Structures are given as C-alpha cells and as structure tokens.
Amino acid sequence: MYNSRSYRTKRRRIQNELLALESSCSNDDDNNVDDDDLVLNYNSITNDQNRHDCSCMVENNSKSVSIEDLSVGFDNLDHTQYVISNNEGASISGLNKIHEDDVHFNHKKNVKHAIGKWAVDFNVPQNAVNALLDVLKNKAGLDFLPKDCRTLLHNKSTKILNLRTMSSTAEYYHFGLGNGIKRCASIFSLDDKVKIAIGIDGLPLSKCSSSQFWPILAYIQPHHKYVFPVGVYHGYEKPKDSNEFLQDLISEIVELTENGITIANLKIQIQIQVICCDAPAKSFIMRIKGHSGFSSCTRCVHEGEYCNNRICFPYIDNGSASRTHDDYVCMKDEEHHISSTISCISLIPGIDIISLFSMDYMHLVCLGAMRKLINLWIKGPLNIRLPSWKIKLISTSLCSLKINITNDFSRKPRSLDEINRWKATELRQFLLYTGIVVLKNVLSKECYQHFLALNIAMRILLGSDLSQYLNFAKQLLEYFVKTFQVLYGKQFVSHNIHGLLHLTDDYIQNGPLDSCSAFPFENYMKSLKSMLRKHEKPLQQVIKRYEEQCEIGNWKFENEQKINFNSNKPNCYVITHRGEIVRIVEMLNSSIIGHKFNVKEDLYDIPIKSSKLDIYIVKNLSNDLVQFSITDVKQKLLIFDFENKQIVVPILHHN
C-alpha cells in the first residue's frame, strides 16, 4: 500500500496509468478489447482526511487487456464512475479531472506567493503576517494557508551558519558575489563577460549608539537598479583591519576571475570594473592617508601644503606626476601609506588599483565641491560671502521652481537655510539644473561663469552623447580649480576641489560618470536599514530578510528605456533628435502629438553656447499640432518659468 504517498504523487501515477491505457488500447494489432465492456471506477480524492492510494495493473497480451479495480476504503469515500464508451473516453475524462486539480493547486500556490511577496515588499513584521494568515485561514476559509509566515516565506533554520567573528563585538557574513550574479541571471540575460561595480561604505544604524554596518555591495553593469549584498560587517566601530574585512571577498574574486562562473551551461567571465567609495572609506581600504593628510591624493603625487590651519592642494600649472599600480605595490611614496602592508585588493589578477577606485562624483562633486561653494556663499569670509538679501533671493527662486520639477526627481528644491540637510541628489539637482537659473544676475559675472564651468563640465561627463567635448570638459575643470583659489582663497582648495582634476580619467576608464558613482549603492543602503525591526542582532536580521527576498523573488526586470513622459505638466516637454522643443498634448501607441516652440535662444554663450548642450530660452508656442514618432524623442526636458522666460534643460537622470 502507498497510503503515505502525497496527493500529487497519486495524481501523477493515475495520469501515467491513463496514458498507458490509451496506448495499449490504441494498438489494434496486438490487443482486442470490447470497449462497451470497459467500466473504470475511481476513488474521489476530495476528502483530505481519508485519502488512500490505489494501485493498478494493466496486463497486455496479444488477445486482451485486463484492468484490476483498485480501491481502498470504498465505504468511507464518495465514488465517481467513468464509463468509457471508446478508447479516448477514459483518457479525456481522467485528464480533465487532473487538469482541474492542477488549476486548483496552481491557484493555491499563487495565493501563497502573492501574500509572501506582499510581506517581503512592504517589510511586514512576522507577527502581523501571522495575524493575517490566521484571519484568512479560519475566517475566510483559505485552509490551505500555513499557520506561520516562516513556512510561507520558506525560512530555513533559525540558526545562521558561516558567521565569521572578527572581535568580541563584531561579526561578518559573506553572501557571495557568485550567488548575487546567479540571482541576477534569473532576472536578465548575461553576456559571456560581465563587469562588476562594487561599493563599500559605512552605515550608522542608530543615533544613540555606535552600532554600524560596513556592507560590501555590487551590481552588474549597466544594471545599476539591481544592487545585491556581497558581504556585511556589523560592529560598534569600523573594522580594525581592512584586509581581514575583505579576505572572503578577495578570495572569491580571485577564484571567479581565474575560473569564471557557469550558469545554465554558459561559462561567464568576471571582471571587477570599478570600486566606489568616499574618501575616508577609500583610504581605509587602500591603507593610505586620509583626505586631510599630506600626499593623500590617490591619483597624483601632489603633497599639498599647510595653510590657515588646514591642508590644502593649490593648483599647479604643470600638474603633478601620476601614481601607478607598480608604485603602489612597491610603496614607492612612503608618505602616501600608513601601513607596512598594502591592500589585498592588489591580489586581484589584471587590475590597476589606481584606476580601479573611482573618484566618485557623488561625494567629490555633489557633497564636496557643490556644498563647499554654497557654504562659502552663505557663511564664508566677508570678502566672498553673499549679502543676506541675495541668499534669500536665491532661496525664494528655488522654492518657486518646485512646480516645474518633474517626476524624475525624488525631491523638490529647498531653501538654502536647510543646506546642511540637503541630500546628494538635491545638490546634484542644484548643480545641473536649477543653479544656472537662480544664480544668474545674482552672483557676480566672474562667480557665475566660474559656476558655469563646473556645470558644463559635469553635464559633458554625465552625458552619453557628448564625448566629443571631453577635452573641453578637462580644460573647464582645470579652469575651475585654478580660478577657485583666486576667487575664494588658496586655503579652500581642499582634497575634493583638487580631485576634480582627475574626473575625466574616470570617464575614459568607465564612460559617463554615473557608471562609476556611489548613487546606486547609497540607494540600497536605505533598503538595508529598512530590513531591521529591532536593535538586537541586526546582522542576523539582514541575513533572514535577504533570504526571504531571494526565496520569494521580489526582483522584476524593468526596462531601462521606459517612457517617462506624458501629456500632463510638467512631464510633457521633450526635445527631438532634430532639435525641436515640443509640448505633448496627446500620446498614441507609437507617436506623440503636441505643439512646437518656434523660437529658441541661447541662455548663455560663454564659455560655450548653451545650444550645444540643448539648453535654450524658448518662445512662441505654436498653435498648430505636430505629430512625431516616439522614437524621434531624444530627451525629456525640464522647463522653468522664471522671470517671464521659459528655460529648457535636458534631464540626465531618472528615478
């Protein structure tokens, strides 16, 4: 007897028997069967508490087929009789019932998955999910649901293995780079060679304690939306030894770099393309001096100098000699290193550790240079500080532009009074979009042109179609650094201001700077922190939440070229490949209908005409409708209504 067999096992065996019956009955040469005499009784398998299995034997010889009636516990079960009037009757009737059972089973499976995905996507606490399951199971009649959400989410044993103890209060868990790549392979297709971007930084977990994570994150370029954890350290201070912290990562990278990884019979080569860190994390990982020390630049041997109680890096006309990988490995510049050993990252085959670490414009430009400029305007020395009425004017102008900000931006402009709370995305928005509008005719001509140099250089380095202006961007950044010390003072040429000189090298190495920035990793930090539900055992909580995400499959592929404009203000302005500025009034399946601006003027013409960057003052919106194909659209635009002018600026970033 097979009473212990599962319901699905029984269905599969019955299906196989029906197929065998159909095959044997259709063989007229070897079998002679009177179809009218075939009557097959089956147990109804609807009572979960009284399920019993059957066995069946089909004897096939040259003259006849005999089928034993296999039934158990007939007195306690309902019976369904299938009368087979022809060879196809038995198989069709039986298979129909199996199909109905499969539909019912798939429905149950889909309901379970939907509840599990909801719990994972919205980070619902376990006790809340359990309460919901109790209601659905006992009140709504969904008795197939489990009692505990741990069953629903496929949670494994509560004991977590492979935690590496690094001190009495610090632990590290390695999720695995290869595991993350395999998870990505289930979302989107991979080439036979993939490039990996890695981000490393500290993450404070509480304002009332020093509890902190140091996550190692990664994504496969160019899919920056799919960041995954490679390893996470938790302790009450940063790791004491960077090589000990990185040992699992480097061991795995060396293995993957040399041997690749096989996924679905396809061998994939792995290349570490870039590591993104802020200056303190970079100095910790590379075991070199921090940004406030002499000889701290990671790209050149500029020593810096001490001026007005701070270390500064004044502009040098002929520049400084570049650092090389061999110089780092041999520790040629002893003043650059703070340890007797170099970083274990240098063990990765085929890498150049100098270019491997990006300058990261999120920290260098947005949180560094742009914030420094604004702080100098607000509270710098008296000779460079703006009067308070100008600060208020800039703040008022910024707030007036809120209505013009599209859904591509997660935050609206804020007053300069809150500059200390501005996020990196807000500083980027000011640098690339709103700043050129609100600062015009407020800053002096020299200061405005100085700001424009940084704005234009960054638009070139962040654009995907402006590589022909790369040398011009390099010249603009050199002008910006050189003029900065003239306008604001040599003592304010900090590590970040000096680092602008090396940004174009990152473009040459990695392409547009968004491909080597910390923005994707910074966004994932919020997700990492949201996995915590209490202060106790934060690392274990992250491990469990990530396991749930992997089991439930909360990733779905998003089209990178998704249309993000419509007919509603302010998301209705686009520029075509022919340079036409259009306001959309209606969208069809594959085309757009709208009004075209008849007049375009340059917003500025020094140091370059703004039209080269598709930045215009537009006038005279036509009353005539024009129709374009969606493929004619080049970029979405921001349009600012400011001082009786309409200024359009192409959008480089999307949420």
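All of the numbers you see were taken from the coordinates with simple rules; none came from a lab. Given the structure is predicted, the values throughout are model-derived calculations rather than measurements. Reconstructed Cβ throughout: ideal geometry from the backbone, glycine too, with neighbour counts over all protein chains shown.
Fewest-first ordering of CYS330, CYS149, CYS550 by other beta carbons within 10 Å of each residue's beta carbon gives CYS330, CYS550, CYS149. Compactness of segment 107-152 was expressed as the Cα radius of gyration divided by 2.2 N^0.38 Å, which yields 1.02. Remark: segment 107-152 carries a charge dipole of roughly 160 debye about the Cα centre, counting +1 on each Lys and Arg Cβ and -1 on each Asp and Glu Cβ. Its Cα centre serving as origin, segment 279-331 has a Cβ charge dipole (Lys and Arg +1, Asp and Glu -1) of approximately 280 debye. Computed from the C-beta positions of GLU258 and PHE294 and an R0 of 45 Å, the FRET efficiency is 0.75 to the nearest 0.05.
Model label points for ILE593 and VAL135, set 7 angstrom from Cα along the Cα-to-Cβ axis, are 4.6 nm apart. With 0.36 nm allotted per residue and the present C-alpha distance subtracted, the GLN541-LYS108 stretch has 153.0 nm of extension available. On the basis of the beta-carbon distance and an R0 of 22 Å, ARG578 and ASP191 show a calculated FRET efficiency of 0.05. Any idea what log10 I(q)/I(0) is at q = 0.28 Å⁻¹ for segment 370-433, Debye with uniform C-alpha scatterers and no solvent? Taking Cα atoms of segment 370-433 as identical point scatterers yields -1.35.
Which percent of Cα pairs goes in each bin when the distances of segment 566-653 are cut into 10 angstrom slices starting at zero? Going from the shortest bin to the longest, the percentages are 18, 53, 25, 4, 0.
Candidate cross-link partners of LYS600 among the lysines, defined by an alpha-carbon separation under 27 Å and a same-chain spacing of 8 or more, comprise LYS402, LYS412, LYS440, LYS445, LYS569, LYS609, LYS612, LYS619, LYS634, LYS636, LYS645.
For GLU244 and LYS645, the difference between the fully extended length at 0.36 nm per residue and the C-alpha to C-alpha distance is 138.5 nm. Normalise the Debye intensity by I(0) for segment 497-642, one equal point scatterer per Cα, no solvent, then take log10 at q = 0.14, 0.21, 0.22 Å⁻¹ and round to two decimals. Normalising to I(0) and taking log10 leaves -0.93, -1.24, -1.30. LYS147: which lysines have alpha carbons under 18 Å from its alpha carbon, excluding same-chain residues fewer than 8 sequence positions away? Those lysines meeting the cut-off are LYS108, LYS109, LYS112, LYS117, LYS137, LYS139, LYS156.
Within segment 568-655, the GluC sites (Glu not before Pro) that combine a DSSP coil assignment with at most 13 other C-beta atoms in a 10 angstrom radius are GLU643.
Think of each Lys and Arg Cβ as +1 and each Asp and Glu Cβ as -1; about the Cα centre, that makes the dipole of segment 393-451 roughly 100 debye. With one equal scatterer per alpha carbon and no solvent term, the Debye-computed log10 I(q)/I(0) for segment 252-323 at 0.15, 0.21 1/Å reads -0.67, -0.95. Determine, from the Cβ-Cβ distance of LYS529 and VAL124 and an R0 of 25 Å, the FRET efficiency 1/(1 + (r/R0)^6), rounded to the nearest 0.05. Once the sixth-power term is evaluated, E becomes 0.90.
I need the fraction of alpha carbon pairs in segment 361-516 separated by more than 24 Å, rounded to a whole percent. Every Cα pair in segment 361-516 considered, those over 24 Å come to 31 percent. Which residues among segment 232-265 fall inside the zone where the amide N is under 16 Å from a point 7 Å beyond the Cα of SER346, along Cα→Cβ? Counting backbone N atoms under 16 Å from the label point, the list is 242-244.
Taking every lysine pair in segment 243-393 that is 8 or more places apart or spans two chains, those with Cα atoms closer than 23 Å amount to 8. Neighbour counting of Cβ atoms within 10 Å sorts the residues VAL542, VAL254, fewest neighbours leading, into VAL254, VAL542.
Near SER527, once Lys and Arg are set to +1 and Asp and Glu to -1 for all other residues with Cβ below 12 Å from its Cβ, the sum equals +2. If the chain linking ARG13 and GLU334 were pulled fully straight, counting 0.36 nm for each residue of separation and taking away their Cα-Cα distance, it would gain 108.1 nm.
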